[in-house]
Amino acid sequence: MEILIVYAKAGAGHKRAAEAIFEAFRRKKQVSVAIIDCLDYCAPVFRYLYPLVYIWMVRFLPWLWAFFYYALDKRWVYRLIRPYRRFNNYMFSRGFVRFIKEEKPRVIISTQFFASEIIADLKRTGQTDSKLISVVTDFGAHTFWESEDVDIFVVGSDDTKEDMISRKIPEDKVMVLGIPIEPPPQRFNIALAYQNLGLREDAFVILVAGGGFGVGPISKVVLSLDGLDRKVRDKLQVLVVCSRNEKLKAQMEELVQSLKVDTKIYGFVPDLYRMMEVSDVIISKSGGLTTSESLASGLPMIIISPIPGQETKNCDFLVKNGAAVRIDRPEEIKQVIEELTGSAEKLDRMHHQALILARPTAADYIAALTYRLL
């Protein structure tokens with residue numbers, strides 16, 4: 001095997017990033033490439049609990065997630081727990097380790113730190129000589145990504161690179177190529193998209209999304225939009241994407257019956273670009289892939305209640321660069337929407353800043369980098 005792309009399905013973004021890289025190789029058709037979820041090769045109990053614990057914590061105990069995230073980002077704390085992490089990795093990932101040893105990929109591209117940690121340990125102990133590219137899928141780094149045995153770190157921005165360098169990662173190991181996403185379609189019929197989605201061409205279209213798992217105060221957001229002054233509310237059309245959260249979708253379909261604001265409800269949308277291209281603004285969390293896709297579409301963001309940790313770092317990066325506005329309570333949306341619907345200049349400025357930050361061809365650059373390593 002020449003190239004192996006690895007992700008761990010703890011949050012939808014890691015998988016989507018890996019799939020974007022895989023498709024970039026498929027377009028080239030020059031090398032043999034495989035893509036796997038490393039959790040599929042781990043112990044069943046670990047495979048089940050690893051994503052479940054993360055999703056449960058960010059939904060119900062975000063303060064606890066924040067405590068662990070920031071505490072474990074301190075180098076001295078990480079040194080204390082590193083022996084335990086290595087033992088834990090060894091106990092639960094023996095199937096994944098066996099797979100790496102048997103397949104002997106020449107280059108491994110990892111989009112999640114758990115897989116990177118295991119492969120880096122194999123390199124450190126001489127059990128594999130594969131080149132390892134770690135793709136950081138957020139705009140902020142964390143101690144878990146750090147390892148001297150990683151050959152190249154791919155990051156999304158110059159800010160992230162500076163963060164990595166401050167963590168004693170050699171500068172020549174960090175490359176700013178972007179967070180890999182499926183590139184926006186080159187040919188896009190806007191008029192047909194409006195027609196298919198039942199949108200008015202003069203409407204101010206708001207896309208409300210809850211990430212890959214449909215989390216966040218989506219119903220409260222829509223209720224806040226419904227409470228806008230009639231003159232503003234009548235301009236709006238709202239697209240709500242509940243993703244794979246069937247319970248939320250059912251709740252929203254019931255709620256929409258009593259709303260005055262024009263609202264359409266969707267479940268999982270495989271090609272979110274279709275909606276992004278016709279939207280004026282997105283209200284969402286600030287996961288790495290959602291933000292990267294929004295930037296590629298030049299779509300201004302209203303970020304609500306980012307998950308403490310990686311999403312807060314993403315949010316801070318976007319707000320600092322003028323591509324997003326942060327709110328912490330759904331009630332604050334009213335003022336932001338009133339400002340954006342009444343100021344084409346501010347909306348255009350955010351759109352412009354989003355396009356400046358965008359790196360829609362990151363997956364192709366990562367593929368090109370891999371060819372050089374081969």
If amide H atoms are built 1.01 Å from N in the plane of the peptide, which residues on other chains or at least 5 residues away come under 5 Å of the amide H of Ile181?
Ala362, Ala363
Quickly work out the His351-to-Ile55 label distance, labels modelled 7 Å from Cα along the C-beta direction, and quote it in nm with one decimal.
3.6 nm
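Go through 277-287, 126-136 and give me the packing order, highest mean Cβ count within 10 Å leading. Numbers along the way, then the final one.
Working: 277-287: 24.3, 126-136: 20.1.
Result, highest mean Cβ count within 10 Å first: 277-287, 126-136.
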Taking the alpha-carbon centre of each part, the distance from segment 134-167 to segment 353-374 in Å is 15 Å
Rounded to the nearest 20 debye, dipole of segment 190-357 from Cβ charges on Lys, Arg, Asp, Glu
240 debye
Taking chymotrypsin sites (Phe, Trp or Tyr not before Pro) as candidate sites, keep only those in a DSSP loop with at most 15 other Cβ atoms within 10 Å, then name the longest stretch of the chain containing none of them.
1-187
per DSSP, antiparallel bridges as share of beta bridges in segment 190-357, % nearest 5, sits at 0 percent
0 to 90° range, to nearest 10: angle between helix 62-71 axis and the chain longest Cα axis
40 degrees
A convex hull over the alpha carbons of segment 1-56 yields, per residue, a volume in Å³ of 56 Å³
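Seen from all sides and averaged, what is the projected area of the convex hull of the Cα atoms in segment 152-291, in nm²? Spell out each step's value before the answer.
Details: hull surface 42.5 nm².
Average projection, Cα convex hull of segment 152-291: 10.6 nm².
Defining a contact as two alpha carbons under 8 Å apart and six or more residues distant in sequence, what relative contact order in percent does the chain show?
Details: 670 pairs, mean separation 64.7, N = 374.
Contact order relative to length: 17 percent.
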log₁₀ of I(q)/I(0) at q = 0.10, 0.17, 0.18 Å⁻¹ - segment 70-228, Debye sum with one point per alpha carbon:
-0.57, -1.05, -1.13
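Please arrange Lys220, Lys313 by counting, for each residue, the other beta carbons lying within 10 Å of its beta carbon, fewest first. Write down the numbers at each step before the final one.
Numbers: Lys220 15, Lys313 22.
Ranked by crowding around the Cβ, least crowded first: Lys220, Lys313.
Report the rotationally averaged projected area of the chain based on its alpha-carbon convex hull, in square nanometres. Could you put the intermediate results ahead of the total?
Working: hull surface 73.0 nm².
Mean projected area of the Cα convex hull: 18.2 nm².
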Built amide H within the under 5 Å cut-off of Phe204, gap 5+:
Leu236, Gln237
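Determine the dipole magnitude for the chain: charges of +1 sit on the beta-carbon of Lys and Arg, -1 on that of Asp and Glu, nothing else is charged, the reference point is the Cα centre, and the result goes in debye to the nearest 20. The partial results should precede the final answer.
Details: 50 positive and 46 negative charges, 198 e Å.
Charge dipole of the chain: 960 debye, to the nearest 20.
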If you filter segment 33-95 for trypsin sites (Lys or Arg not before Pro), then keep DSSP loop positions with at most 15 other Cβ within 10 Å, what is left?
Lys74
Suppose a student asked you for the relative contact order of segment 190-357, using Cα pairs under 8 Å spaced at least 6 residues apart; what percent would you report?
23 percent
Whole angstrom only: what separates the Cα centroid of segment 15-90 from the Cα centroid of segment 200-259?
31 Å
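Given Cα pairs under 8 Å that are at least 6 residues apart, what percent is the relative contact order of segment 67-139? Before the final figure, lay out the partial values.
On the way: 50 pairs, mean separation 21.5, N = 73.
29 percent.
Readers should treat all values here as calculations from the given coordinates under stated rules, not as data from a laboratory. All of these numbers come straight from a predicted model, not from anything done at the bench. Heads up, the Cβs are rebuilt from the backbone with ideal geometry, glycines too, and the neighbour counts pull from every protein chain shown.
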